[in-house]
Amino acid sequence: MALACGVSVANVYFPQAVTPLVADGFGIAPGTAASVATVTQLGYAAGIFLLVPLGDRLPRRPLITVLLAVTGCALLAAGLAPATGPLVAAGAVVGLATVVPQLLLPLAAGLVAPDRRGAVIGTLQGGLIGGILLARTFGGVLGEQLGWRAPYLAAAALTGLLALVLGLALPSTAPAVRDRYPALLADTVRMLRTEPGLRRSALCQAALFGGFSAAWTALALLLTGPHYRLGAQAVGLLALIGAASMFCATAAGRRVDRHGPDRVNRWCTGATLAAAAVLTAGSAGGAPGLVALAAGLLLLDVAVQCSQVANQARIFALRPEARSRLNTAYMTCSFLGGSAGSWLGIRLHGQLGWPGVCGLIALAAVAALTALRAGVGR
């Protein structure tokens, strides 16, 4: 299940690494090419809101298999796209359908005892982190060698294989509720109002993930710009360093089981502030700048992913019969924050350069800490 989380979520993230290659291939501005990654993330947020609640209503195994098949077809269409418009449209469908990890996480949370839930979520989150970070290596290296279409076509084949494997390997589960689809969606929105723990988690992660997305979206523009003049492959190599954070997720889950999610969240906001300070030195260029980028991105990745483990452990303990809907509300907010971060990151990089992006990351950490201290909020 952890491997399935990683392979499927990678489809949302590898487009960030091939943005400069898409710009060159179609002869368009880098900011326009980056819209493919932004639209894919928006599609992912829409898919989480519209499709993940069905995990409480339908058997998860056939639902997951169908979504993976749709994702594979959309990836194939993106890899064969003749122009930017079809590529953006196919990217939106990829994001919409590749919500399988958000169905697997509630499934796993329901299969274990409460005192092990944090560790199990951490294990699946480790696979998810690996997919998020190694996706950029996959996209950057393969795209640099074979062109930007190659990552899409390879991902289509991998996703099709994953659909076959999960169709055979996942356990059968009975639906938790029999509510109609409109009622599921309405209840998802209602829980943001009625569940204070859900609000805290959603606001905290939306802020941190916004800073995370801003950093990784603007990174490709920084590395291929005048400070470094490197290729898309460099983004993938930096992602390899950040992949070390996948080993911290399980440890964070065990810490949540022992001490609760609040302590882990507070550490993560502090680490994000520290990462913003370290990343600022990346604008210096040269070897010192690359070292600062590597160290700052590793710290940022660890902070954001460990915060994710803590927040999901908190929400899955709220209402066992509504875990898919709780995860829907939480992840929709998170990825709306990520999409906003990508959009702001591109524009701040254009206006203020890399220091402007680092300032946005620091503001995101302050906003997350404010959400945590606000508690139930209003």
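The values are calculated or read from the model by the stated rules, or taken from the named source; none is laboratory data. It should be emphasised that the depicted structure is a prediction, and the values quoted were computed from it without experimental measurement. Glycine gets a Cβ as well: all are built from the backbone with ideal geometry, and neighbour counts include every protein chain shown. Just so you know, the surface numbers come from the protein's heavy atoms only, side chains and all, with ligands and any DNA or RNA stripped out. Shrake-Rupley method; radii C 1.70, N 1.55, O 1.52, S 1.80 Å.
Of everything listed in (1) assigned to a helix (DSSP H, G or I); (2) small (G, A, S); (3) touching a residue at least 60 places away in the same chain (Cβ under 8 Å), the single unmet condition for A183 is (3).
Pairing residues of the range 144-163 that are touching a residue at least 24 places away in the same chain (Cβ under 8 Å) and open to solvent by less than 20 Å² (accessible area, probe 1.4 Å) with residues that are among the aromatic types (F, W, Y) and in a helix (DSSP H, G or I), at Cβ distances under 7 Å and at least 6 apart in sequence or on separate chains, gives P151/F14; P151/F138; A155/F14.
Taken as a whole, the structure places G337 among residues that are open to solvent by 10 Å² or more (accessible area, probe 1.4 Å), modelled with pLDDT of 85 or more and under 20 Å from the mean Cα position of the chain (by Cα).
Screening A176 against (1) in contact with an Asp or Glu (Cβ under 6 Å, 6 or more places away or on another chain); (2) open to solvent by less than 50 Å² (accessible area, probe 1.4 Å) leaves a single unmet condition, (2). For the range 32-90, filtered to residues that are of a type in the set (S, T, N, Q) and open to solvent by 10 Å² or more (accessible area, probe 1.4 Å), the residue that is nearest to the chain's Cα centre (by Cα) is T38.
When the criteria are applied in full, A274 meets the requirement of being open to solvent by 10 Å² or more (accessible area, probe 1.4 Å) and either more than 19 Å from G43 (Cα to Cα) or part of a helix (DSSP H, G or I) (or both). Taking each residue of the range 1-16 that is touching a residue at least 40 places away in the same chain (Cβ under 8 Å) and looking for partners that are of a type in the set (K, R) with beta-carbon atoms closer than 7 Å, six or more apart or interchain, yields Y13/R136; F14/R136; Q16/R136. Counting only residues that are of a type outside the set (S, T, N, Q), assigned to a helix (DSSP H, G or I) and open to solvent by 10 Å² or more (accessible area, probe 1.4 Å), the range 307-334 holds 6 of them.
Which residue is nearest to T272 (Cα to Cα), if the candidates are limited to the range 181-211 and must be surrounded by fewer than 24 Cβ atoms within 10 Å (Cβ to Cβ) and among the small types (G, A, S)? Ranking the qualifying residues of the range 181-211, first place goes to G197. Quick check, is R347 open to solvent by 10 Å² or more (accessible area, probe 1.4 Å) and charged (D, E, K, R)? Spelling it out, R347 is indeed open to solvent by 10 Å² or more (accessible area, probe 1.4 Å) and charged (D, E, K, R). Picking from residues in the range 285-301 that are in a helix (DSSP H, G or I) and more than 30 Å from N265 (Cβ to Cβ), the one that is least open to solvent (accessible area, probe 1.4 Å) is G289.
Restricting attention to the range 103-155, report how many residues are in a helix (DSSP H, G or I), farther than 27 Å from A33 by Cα and not charged (D, E, K, R).
Let us first name the residues in the range 103-155 that are in a helix (DSSP H, G or I), namely 103-109, 114-146, 149-155.
Within this subset, residues satisfying the condition of being farther than 27 Å from A33 by Cα are 103-109, 114-127.
After this cut, where a residue has to be not charged (D, E, K, R) as well, the list is 103-109, 114, 118-127.
So the answer is 18.
Of the residues screened, L237 is one that is part of a helix (DSSP H, G or I), closer than 22 Å to V36 by Cβ and not β-branched (V, I, T).
Taken together, the residues in the range 5-31 that are outside any helix (DSSP H, G or I) and either of a type in the set (G, A, S) or surrounded by 24 or more Cβ atoms within 10 Å (Cβ to Cβ) (or both) amount to 3.
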